[in-house]
Amino acid sequence: MTGATSPDRRRFLTAGAAVLGAAASAQLWRPATARAATAALPDGLFSLGVASGDPLPNGIVLWTRLAPDPLNGGGMPDTAVPVEWEIAEDERFRKIAGKGTAQALPAYGHSVHVDVRGLRAGREYWYRFRAGGQLSRTGRTRTAPSWTFSRGSLRVALASCQNWQHGYFTPYADMLAQDPDVVLFVGDYIYESTPASTGPRRHEGTGEPYTLVEYRNRYAQYHTDPDLAEMHAHAPFVVTFDDHEVDNDFAGEIPQDPGKQTHAAFVARLTAAYQAYYEHMPVRATAVPNGPHIQMYRSLEFGRLARLNVLDTRQFRSDQPTSQAGAQDPSLTMLGAAQKRWLLDSLHGSTARWNLVASQIMLAETDLLVGEGKLWYYDAWDGYQAERNALLEEFTSVRNPVVLSGDRHLTMISDLRKDYADPSSAVVGAEFVGTSISSNGDQDQAAFRAQWDPLRADNPHWKLIDAHRGYHLFDIDRDGIDAKVRVVDTVLRPRAAPSTLARLRVDAGKPGVHLA
Ligand SMILES: [Fe+2]
């Protein structure tokens, strides 16, 4: 489904900004009409900061969540609280582009999602919230370029896998300095793991989250990372989830350890996890969960330059195979029939120069066996090869497909080939697996090389593999994509030195990727 046609499903979400002309500029922001009713609210309502997401040419989602006691359920009274919002064309809020009042409801953890429309394409905006006499910080965001945009460039940052306990989210400080138009986050926004004392930071709570309150506390803790909070306040995010937002390696309604819980218990966990995910992400009302279901796959347009198809590779997949033969079972699905149809329609119906696919998990093959024979990871697309290969076959008739993935906690940049069983088969696209923000911490690079370099001959489609923490940055224009692998020297301290590890290039009309 496209973001542009999202129906608003819940009346509490304020849709459609009141668009004001320049005449309304420079007015002082008036206090909330309901101020008396909310005057007793605790201090620190905006401890989780602000965020924006899913940019359209004329709109953006603005997010905040009122949580004066973020790690202990939020600390809000059990009542609805009106939250004023405003968005302006300038940092000083002299030229107001829209404003209104949203209701922060206890049922949604006092989160606020405002789907602002009526904005101008391809430009910066500033926004802020006010509740109970308290003012949020100011956020900055950017709308998508106009429908006709084709000659300019778009800067996209690809991030994933931010384990609080493995490190500080230092790559975001560098990402902020690079000023991307949009940040694509492809999963593992939180980790559900139990608090441990072995890393530089410790998860809140006493165990894995299962209930809504427990997931809220975990998300709240992640939002307090200062570099992540700054990044959210600086650029729009486009997010999707992978497994750790719920449970390691889950598949649909099947948990990692089916023997350790009833189906009903896992459905309750999914329901809580998706609810908390929605509450903490800058996503449209289309993503309001319906019990243990959430609609995340969608596409976003960046003019005629790029269409971004965001996948959901968790909710609709078959359970992971457990053998090499199982990985080739044609009855297994990763996307499910409806999403697969949607994706193929989107790819083939696109007039965009670049057709980007955000996949949580790696599409290209990873052969883990040195020499004769193959050994695959079953949780990634390698475990669902019939569907993967069918998709790669479709790529031969798609304009400039490029896959952006995560999960692996490594940089892995590959040519996509039609058939990995045949090393001479056609190259049909490129894939960037964007390492991790902090997961796996500061890896021993020599140990990584010793383990992975011997596999390179078995995986000739790999153009670059690396184990530093960081993210990928793409400058996309009609002729090509210039990619940088941006890394940091450490995530074990709050500040780090960033650098460019490698530059790569994808040329339009020429499938594959090469070192620049
Ligand atoms: Fe991860």
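Computed from the coordinates by the stated procedures, all read-outs in this text should not be read as laboratory data. Just so it is clear, the model here is predicted, and its values are computed rather than measured. We place every Cβ from the backbone using ideal geometry, glycine too, and count neighbours over all the protein chains shown.
Quick look at the values:
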item: Lys/Arg +1, Asp/Glu -1 at C-beta; the chain dipole; positive extreme among Ala364, Ile481, Thr271; result: Ile481
item: Full-extension gain in nm, Leu369 to Asn290, via 0.36 nm per residue minus C-alpha separation; result: 24.2 nm
item: Equivalent ellipsoid, the stretch 284-346 (semi-axes from 5 times Cα gyration tensor eigenvalues, Å); result: 26, 17, 9
item: Per-selection Rg to Rh, the stretch 118-265 - Cα, Kirkwood hydrodynamic radius; result: 1.04
item: Cα Rg, Dmax, the stretch 407-516, angstrom units; result: 14.8, 46
item: Among 374-382, 149-157, the order from most to least packed when residues are scored by Cβ within 10 Å on average; result: 374-382, 149-157
item: Where labels lie 7 Å past Cα in the beta-carbon direction, separation of Gln103 and Leu71 in nm; result: 3.3 nm
item: For the stretch 398-432 versus the stretch 150-166, the gap between their alpha-carbon centres in whole angstrom; result: 18 Å
item: Theoretical FRET efficiency, 1/(1+(r/R0)^6), r = Cβ-Cβ of Arg123 and Ser424, R0 30 Å, to 0.05; result: 0.05
item: Charge dipole magnitude, Cβ of K and R +1, D and E -1 - the stretch 282-361, Cα centre, debye nearest 20; result: 300 debye
item: Options Thr333, Val283, Tyr191, ranked by Cα towards positive dipole end of the chain, top entry (Cβ charges); result: Val283
item: The chain: radius of gyration over Cα atoms, expressed as a fraction of 2.2 N^0.38 Å; result: 0.94
item: The chain - charge dipole about Cα centre, Lys and Arg +1 at Cβ, Asp and Glu -1, debye rounded to 20; result: 2020 debye
item: Beta bridges per DSSP with both ends in the chain, % antiparallel, nearest 5; result: 75 percent
item: Among Leu375, Ser424, His348 - extreme Cα towards positive end, dipole of the chain, charges at beta-carbon; result: His348
item: Contour minus Cα-Cα distance for Ser153 and Ala497 (0.36 nm per residue); result: 121.1 nm
item: Relative packing of peptides 509-516, 95-102 - highest average C-beta neighbours within 10 Å first; result: 95-102, 509-516
item: For the stretch 64-153, size of Cβ-based charge dipole, Lys and Arg +1, Asp and Glu -1, in debye; result: 500 debye
item: Normalised contact order of the chain, rounded percent, pairs of Cα under 8 Å and 6 or more residues apart; result: 15 percent
item: Pairwise label distance in nanometres, Glu253 with Ser197, each label 7 Å out on the Cα-Cβ vector; result: 4.1 nm
item: Expected-Rg normalisation [2.2 N^0.38 Å, Cα atoms] applied to the stretch 224-341; result: 1.21
item: Hz values of 3J(HN,Hα) by residue in the stretch 440-446 - Karplus curve (6.51, -1.76, 1.60), Gly and Pro given as x; result: 6, x, 7, 7, 6, 5, 5
item: In nm, spacing of pseudo-spin labels at Ser331 and Lys510 (7 Å Cα→C-beta vector); result: 4.5 nm
item: Compactness index (Cα Rg / 2.2 N^0.38 Å), the stretch 53-167; result: 1.23
item: Two-site FRET efficiency, Thr262 against Ala40, from Cβ-Cβ distance with R₀ of 60 Å, rounded to 0.05; result: 0.90
item: Computed [θ] at 222 nm, helices only, for the chain once each DSSP H run of length n ≥ 4 contributes -39500 (n - 2.57); result: -4500 deg cm²/dmol
item: Interatomic Cα distance distribution for the stretch 58-108, bins of 5 angstrom, percent; result: 5, 16, 23, 20, 14, 12, 9, 1
item: Cα-based convex hull volume of the stretch 408-460 per residue, rounded to whole Å³; result: 76 Å³
